[in-house]
Amino acid sequence: AQTVTQSQPEMSVQEAETVTLSCTYDTSESNYYLFWYKQPPSRQMILVIRQEAYKQQNATENRFSVNFQKAAKSFSLKISDSQLGDTAMYFCAFMKHRTGANNLFFGTGTRLTVIP
Amino acid sequence: DAGITQSPRYKITETGRQVTLMCHQTWSHSYMFWYRQDLGHGLRLIYYSAAADITDKGEVPDGYVVSRSKTENFPLTLESATRSQTSVYFCASSGGLESSYEQYFGPGTRLTVT
């Protein structure tokens, strides 16, 4: 079974500063995908960034980047120049890479508050 | 409207009642999923479907029934609601490989069982 662990239930960061959210996972799969989802108060799940395990290069999307350490099974999210709109729950998620329906395994989430 | 929609957005029901949560997507995605979100658990998979008339259990299927007679619809039924089924329910769809396995989520349904 796949497990995803987010050890930081809550974090806060000053506006314009940088924050890193941690995520570790456990799997015996060699090829898989990793995701970070954002859930603002509206409850909508929004994909922030994704990483394919076979790619060594860390994914980047504007102010969001990841530090993917495959051997350590670690997948942290760095948010640079934090904005008030970044206040949300952040979920790390794992997906096996296989043909067919691929469901997501989620961590328990980190609640991030950006302080003005 | 294009995208994935869920109805109702909010529902209060009594223990023992049957409740159906609706999910509709306009992309003709093959794959559809139902998750529930609870504090301390993140999102957990209830059921999923690979195509019309093909469904399978996820991590927490007990007490739920699904059907998929049309590609675009994937209703979730609680046959006899219990308080432990109070949760927020999310439907998601995916085009599989053609969309790099990305899942698109609906806005969620908050269900309260009294």
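Any chance the range A:37-45 includes a residue that's among the polar types (S, T, N, Q) and surrounded by 14 or more Cβ atoms within 10 Å (Cβ to Cβ)?
The answer is yes, given that some residue of the range A:37-45 is among the polar types (S, T, N, Q) and surrounded by 14 or more Cβ atoms within 10 Å (Cβ to Cβ).
Just to verify a result, which residue in the range B:14-39, among those that are closer than 14 Å to residue B:64 by Cβ and of a type in the set (Val, Ile, Thr), is nearest to the chain's Cα centre (by Cα)?
Filtering the range B:14-39 for residues that are closer than 14 Å to residue B:64 by Cβ and of a type in the set (Val, Ile, Thr), the one nearest to the chain's Cα centre (by Cα) comes out as B:20.
When you check residue B:41 against the structure, is it away from every other protein chain (no Cβ under 11 Å) and either modelled with pLDDT of 95 or more or surrounded by fewer than 19 Cβ atoms within 10 Å (Cβ to Cβ) (or both), yes or no?
In short, no.
Filtering the range A:75-91 down to residues that are among the small types (Gly, Ala, Ser) and surrounded by fewer than 16 Cβ atoms within 10 Å (Cβ to Cβ), which residue is nearest to residue A:30 (Cα to Cα)?
The selected residue is A:80.
With respect to residue B:83, determine if the residue is touching a helix residue (DSSP H, G or I) at 6+ places or on another chain (Cβ under 9 Å) and either more than 30 Å from residue A:54 (Cβ to Cβ) or β-branched (Val, Ile, Thr) (or both).
no
Output the number of residues of the range A:103-116 satisfying the condition of being touching a residue at least 40 places away in the same chain (Cβ under 8 Å) and buried (at least 18 other Cβ atoms within 10 Å of the Cβ).
Residues meeting the conditions: 9.
Inspect the range A:26-46 for any residue being hydroxyl-bearing (Ser, Thr, Tyr) and modelled with pLDDT of 95 or more and give the result as yes or no.
yes
For the range A:23-116, give me every one of the strands (runs of 3 or more DSSP E) that falls completely inside it and has 2 or more residues that are hydrophobic (A, V, I, L, M, F, W, C), at negative phi and within 13 Å of chain B (Cβ to nearest Cβ).
In the range A:23-116, A:32-39, A:46-52, A:88-96 are the strands (runs of 3 or more DSSP E) which contain 2 or more residues that are hydrophobic (A, V, I, L, M, F, W, C), at negative phi and within 13 Å of chain B (Cβ to nearest Cβ).
Here is a list: B:5, B:20. Which entry is touching a Pro at 6+ places or on another chain (Cβ under 8 Å), within 14 Å of chain A (Cβ to nearest Cβ), touching a residue at least 40 places away in the same chain (Cβ under 8 Å) and part of a strand (DSSP E or B)?
Checking each option against the conditions leaves just B:5.
Considering the range A:1-22 alone, what residues qualify as being assigned to a strand (DSSP E or B), within 16 Å of residue A:74 (Cβ to Cβ) and more than 11 Å from the chain's Cα centre (by Cα)?
Residue satisfying the conditions is A:3 alone.
The values are calculated or read from the model by the stated rules, or taken from the named source; none is laboratory data. In this text the structure is predicted, and so the values were computed from the model without any measurement. Methodologically, a virtual Cβ is constructed for each residue, glycine included, from the backbone with ideal geometry; neighbour enumeration extends over all protein chains shown.
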